[in-house]
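Shown next, in structure tokens, is the structure this report addresses.
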Amino acid sequence: MTFGEQPAYLRVAGDLRKKIVDGSLPPHTRLPSQARIREEYGVSDTVALEARKVLMAEGLVEGRSGSGTYVRERPVPRRIARSGFRPSGGATPFRQEQADAEARGTWESSSAQAEASVAVAERLGVKPGDRVMCTKYLFREAGEAMMLSTSWEPLAVTGRTPVMLPEEGPLGGMGVVERMRAIDVIVDNVTEEVGARPGLAEELQALGGVPGHVVIVIQRTYYASGRPVETADVVIPADRYRVAYHLPVK
């Protein structure tokens with residue numbers, strides 16, 4: 001192999017990928033067998049197998065027990081709009097995450113006290129082991145799981161207040177900004193760091209993905225006068241959604 005030349009399995013995978021994208025291999029079509037790939041491209045069984053693994057890891061094909069490997073239906077990505085703060089008057093956590101007045105959805109949540117891990121403690125500016133309220137959300141749109149969110153709030157801020165449980169009490173479900181305002185903590189800044197990684201097994205199971213699928217991960221933190229008062233990990237399936245930001249011009 002000359003310098004800069006792609007390995008054979010990537011060249012084979014690239015050609016098959018092109019056929020999938022341009023429609024030569026439409027959804028639900030059976031992928032050429034390992035023997036057919038070997039014959040058509042003049043490669044070994046190992047190369048043919050590795051090429052198929054690449055396409056499977058990219059989520060372009062799926063294996064069906066006892067039947068073979070087939071091209072997956074490619075969903076048209078939908079948009080998830082986000083902005084720093086929500087309109088006044090309150091809104092649901094689903095609206096908080098989507099920041100879209102037309103959004104319609106449902107969510108499930110559960111809260112429990114926990115000890116801050118090293119990573120969470122660093123993001124909240126507390127000590128590892130400090131008590132936090134951990135709340136996990138599963139958001140659905142038209143019944144389809146679309147997003148996960150896990151948030152942590154320091155109990156040094158919310159403990160023994162009416163807003164200690166994000167989804168219960170007089171301001172249950174109103175979101176971070178309104179809840180903190182109720183205990184005289186004024187949120188004045190929010191940061192979001194966006195990245196991507198392969199989804200964890202439990203994430204893909206909840207979101208309806210397959211092993212190898214990539215997820216978008218947003219690390220969000222709310223601040224009040226420079227102090228972190230809530231941080232969260234938002235997980236979105238990258239093959240089905242795009243994240244769009246609405247940022248005010250100052």
Got a sec to turn the phi values of region 178-193 into Karplus ³J(HN,Hα) couplings, 6.51 cos²θ - 1.76 cosθ + 1.60 with θ = phi - 60°, whole Hz, x for Gly and Pro?
5, 5, 5, 4, 5, 10, 6, 10, 9, 6, 10, 7, 8, 10, 9, 10
Once you sort the root eigenvalues of the Cα gyration tensor of region 6-45 as a ≥ b ≥ c, which label holds: rounded (a/c under 1.5), prolate (a/b larger than b/c) or oblate (the other case)?
oblate
Relative to the longest principal Cα axis of the chain, at what angle does helix 45-57 sit, 0 to 90 degrees, rounded to 10?
30
Just the number, please: carbon plus sulfur as a percent of the accessible area of the chain, 1.4 Å probe, no ligands or DNA/RNA counted.
53
Taking the 0 to 90 degree range and rounding to the nearest ten, how far is the long axis of helix 8-21 tilted relative to the main principal axis of the chain, both from C-alpha atoms?
70
Please give the length that would be gained between residue 189 and residue 11 if that part of the chain were fully extended, namely 0.36 nm times their separation in residues minus their C-alpha to C-alpha distance (nm, one decimal).
59.4 nm
Using the heavy atoms of the protein chains and a 1.4 angstrom probe, tell me the accessible area per residue for the chain in square angstrom.
55
Cα principal axis extents for the chain, largest first, Å:
71, 42, 38
Relative contact order of the chain, pairs being alpha-carbon contacts under 8 Å that are 6 or more residues apart, as %
17
Give, in nm to one decimal, the length gained when the segment between residue 202 and residue 28 is fully stretched (0.36 nm per residue of separation minus the Cα-Cα distance).
60.0 nm
Whole-Hz ³J(HN,Hα) for each residue in region 39-44, computed from phi via Karplus 6.51 cos²θ - 1.76 cosθ + 1.60 with θ = phi - 60°, x for glycine and proline: what do you get?
6, 5, 9, x, 10, 7
Would you mind giving the three semi-axes, in whole Å and largest first, of the ellipsoid equivalent to region 195-248 according to its Cα gyration tensor?
26, 14, 8
Square roots of five times the C-alpha gyration tensor eigenvalues of region 96-217, ordered largest first and given in whole Å, equal 26, 19, 14
Let me know the longest stretch in the chain that avoids all GluC sites (Glu not before Pro) found in a DSSP loop with at most 12 other C-beta atoms within 10 Å.
103-250
Using 7 Å Cα-to-Cβ label points, what is the residue 45/residue 115 separation (nm, one decimal)?
5.2
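The values are calculated or read from the model by the stated rules, or taken from the named source; none is laboratory data. The shown structure was predicted, so the numbers you read here are calculated from the model rather than taken from an experiment. Virtual Cβ from ideal backbone geometry, glycine too; neighbours counted across all protein chains shown. Just the protein is used for accessible areas: all its heavy atoms, side chains included, with ligands, DNA and RNA removed. Shrake-Rupley method; radii C 1.70, N 1.55, O 1.52, S 1.80 Å.
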